[in-house]
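Only one structure is covered here, and it is reproduced in the block below.
The values are calculated or read from the model by the stated rules, or taken from the named source; none is laboratory data. What you see is a predicted model, and the numbers here were worked out from it, not measured in a lab. Here the Cβ positions follow ideal geometry from the backbone for every residue, glycine too, while neighbour counts run over all protein chains shown. Quick note on the areas: whole protein, heavy atoms, side chains included, nothing else; ligands and nucleic acids left out. Shrake-Rupley method; radii C 1.70, N 1.55, O 1.52, S 1.80 Å.
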Amino acid sequence: MTTVCGHPGTGQCEVCGTPLDTRVFDSSDVVAAPGPGEEVVLARFALPSTHCGLLQYFAQFTDLFARDPGRVATPGYVWQIRSDVQPLDPYLSFGHIINPWGLSGFPVDIRIPEGATLEFTVRNTGASSADTLTEVGGRILGRHWYDTRFGGAPGLL
């Protein structure tokens with residue numbers, strides 16, 4: 001039997017262990033690239049205060065990578081996925097495309113604490129004129145569910 005945040009087996013599918021009240025979140029945006037020293041939030045999702053969850057996927061986009069898939073490195077730009085303003089381990093910061101937008105990419109399974117706010121950001125730390133991006137994008141996708149530590153079983157859908 002598996003555990004969903006609080007109590008084992010409460011309100012879970014007996015076959016796969018998924019909480020019965022699981023909901024999907026999916027947030028994305030494509031925006032103008034940040035200027036030197038600036039940062040933009042590409043995707044954001046705030047879990048309800050009594051919910052915990054799982055980040056299952058993220059994707060990145062840059063106009064240079066879209067034109068040339070060999071442009072994986074993003075010199076002068078730092079990407080982060082944060083949980084309540086703290087970088088989310090193992091994605092503390094990275095300077096390249098890990099999961100390109102439009103491809104299935106690699107799934108991740110990272111627990112999200114109760115009531116956390118996830119943000120996917122990119123900061124321009126001083127890109128050279130040859131590496132300056134025009135557009136950037138990000139997407140985060142996952143699931144969230146009621147945390148049974150707050151009492152009772154989840155409500156029926």
Where does the charge balance sit around residue 44 when Lys and Arg score +1, Asp and Glu -1, over other residues with C-beta under 14 Å from its C-beta?
-3
For the stretch 20-125, what % of the accessible area comes from carbon and sulfur atoms, probe 1.4 Å?
55 percent
Where a ≥ b ≥ c are root eigenvalues of the Cα gyration tensor, a/c under 1.5 meaning rounded, otherwise prolate if a/b exceeds b/c and oblate otherwise, the stretch 87-151 counts as prolate
Per residue, how large is the accessible surface of the stretch 39-157? Use a 1.4 angstrom probe and give square angstrom.
48 Å²
Of the convex hull enclosing the alpha-carbon atoms of the stretch 45-112, the direction-averaged projected area in nm² is 5.2 nm²
Amide H contacts under 5 Å for residue 112, restricted to residues at least 5 apart in sequence or on another chain and with H modeled in the peptide plane, are 53, 54, 55
Counting only residues 5 or more places away or on other chains, whose amide H sits under 5 Å from the amide H of residue 29 once H atoms are built in the peptide plane?
138
